[in-house]
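Below is one structure; the comments refer to it alone.
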Protein chains: 2
Amino acid sequence: MARTAGSHSADTAPRIRAAAQRLFAQHGYAAVSMRQIAAEVGVQVGALYNYTSDKQSLLFDLMVVHLEDLLDALPEPDTAAGPMQALDEFVRFHIRFHAARPEEVFIAYMELRNLSPENFAAVESLRRLYEDRLTAILDAGQARGVFRVADTRVATMAIIAMLTGVNTWFRETGRLSLSEVEAIYGDMTRRLVAG
Amino acid sequence: MARTAGSHSADTAPRIRAAAQRLFAQHGYAAVSMRQIAAEVGVQVGALYNYTSDKQSLLFDLMVVHLEDLLDALPEPDTAAGPMQALDEFVRFHIRFHAARPEEVFIAYMELRNLSPENFAAVESLRRLYEDRLTAILDAGQARGVFRVADTRVATMAIIAMLTGVNTWFRETGRLSLSEVEAIYGDMTRRLVAG
DNA sequence: GTCTATAGTCTGATAGAC
DNA sequence: GTCTATCAGACTATAGAC
């Protein structure tokens, strides 16, 4: 595959993605200029528009890929194992996945209002699919009498908020290891829903 | 008290505050211009600088006043009543206070990275004081054997994240009333820490 | 206290050379 | 595919008239 004249690097596209992600997470979408992104990549601003139609779709792509990765990576519950183990697996997965991607998570939560209405709707429906996976676990546990929850939808929102909150304070170099944190949150979540 | 020549309204200051709060919450600090704020108030942009030294201190003031109000409004635990009741009161207070101030809460969480380093430190120390109030309740309950928590600091962060998350989905016109929500979260929190 | 005018800089996006 | 140059407008903050 011959390079087009003037092409200096075959992987400009992922480098633009990475630069946008880093800068959006650090300064916020609205505060970052296309020129800043170009400088981080090492190209001039005009070159960015070979890879993205505009700044908005740079943000939208980051969010969609993140949420699609999240949905793809979430393990299917082992129906033979029961709801309690499914819940435990969800908790550990959520914490591990989110701790590994602090920038993506930050952007996905903080920049929702900078999406166009259509893009916002698309992102929200992906997020809703993820929430539904936890609600299904809670409903199954409730039906079998393993869980006793006043409202599975409210419990879903409560648990996800609690788990995602880990990203606001957890540091690799901190007092607790990630697996200790997983264990503590696993315990808290079990107690939250136990029948 | 005579009006200065050219003064059209004695309460321009609070109207600037209100406009900044509304616009920052809706569009984000970085996306809002001083001209937009001035237009919302009904003055020209130059007039704003009679009331604020710059855009940054507009944001900082909103956050500080919000957090000071929060700390002032938080009831002192009734030491005779015991930790379980203190926890319940904290939960209900937190949900009620935050539900009543969605804009302030949104700004206080989303715009931290737009604070200057000194302003960020000041805001973080106020937030820390609030967190400490919950940690103290958990420590007291732990000491008396009423609570059984693996780590009171982690439980503090988990509970506050869970409670604050209510603001992302609760609507006055929704399926549940605010007092129903308070009751559900009160129950979940008790189970989270129960000994 | 509010106005208008302005300084100096930055913005997203495009056109056309190479 | 990347570059330079450019458009048309917006930005924060200030100065000085009233």
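General remarks:
- Chain A: relative contact order as a whole-number percent, Cα under 8 Å and 6+ apart: 24
- Semi-axes of the equivalent ellipsoid for chain B, Cα gyration tensor, largest first, Å: 38, 17, 15
- Value at 222 nm in deg cm²/dmol, rounded to 500, when DSSP H runs of n ≥ 4 in the protein assembly as shown each add -39,500 (n - 2.57): -21500 deg cm²/dmol
- Note on residue B:57 and residue A:50: their simple-model spin labels are 4.8 nm apart, each label 7 Å out from Cα toward Cβ.
- Solvent-accessible heavy-atom area per residue, rounded to whole Å², over segment B:56-193 at 1.4 Å: 44
- Both radii come from the Cα set of segment B:12-52: Rg as radius of gyration, Rh as Kirkwood radius; their ratio Rg/Rh reads 0.92.
- Chains B and A, summed buried accessible surface - 1.4 Å probe, Å², nearest 100: 2700
- The largest accessible area among B:57, A:177, A:53 belongs to the first residue in A:53, A:177, B:57, and the rest follow in falling order (1.4 Å probe, all chains).
- Residue B:132/residue B:11 FRET efficiency (R0 51 Å; Cβ-Cβ; nearest 0.05): 0.90
- Segment A:86-159, relative contact order in percent, only Cα pairs under 8 angstrom and at least six apart counted: 29
- Calculated on C-alpha atoms, the gyration radius of segment A:149-195 divided by its Kirkwood radius gives an Rg/Rh of 1.04.
- The GNM of chain B, with springs linking C-alpha atoms under 10 angstrom apart, assigns the highest mean-square fluctuation among B:150, B:20, B:136 to B:150.
- Peptide A:159-170 - average C-beta neighbours from other chains (10 Å radius): 5
- Rg followed by Dmax, in Å, when the protein assembly as shown is reduced to its Cα trace: 23.4, 81
- Springs join every pair of Cα atoms under 10 Å in this Gaussian network model of chain B, and among B:139, B:88, B:78 the largest mean-square fluctuation is at B:78.
- Sorted from closest to farthest, the other copies place their residue A:131 label points 2.5 nm away, with each point set 7 Å from Cα along Cα→Cβ.
The values are calculated or read from the model by the stated rules, or taken from the named source; none is laboratory data. All of these numbers come straight from a predicted model, not from anything done at the bench. Positions of Cβ are generated from backbone atoms using ideal geometry, with glycine treated the same way; all protein chains shown enter the neighbour counts. These accessible areas exclude ligands, DNA and RNA; they are computed on the full protein's heavy atoms, side chains included. Shrake-Rupley method; radii C 1.70, N 1.55, O 1.52, S 1.80 Å.
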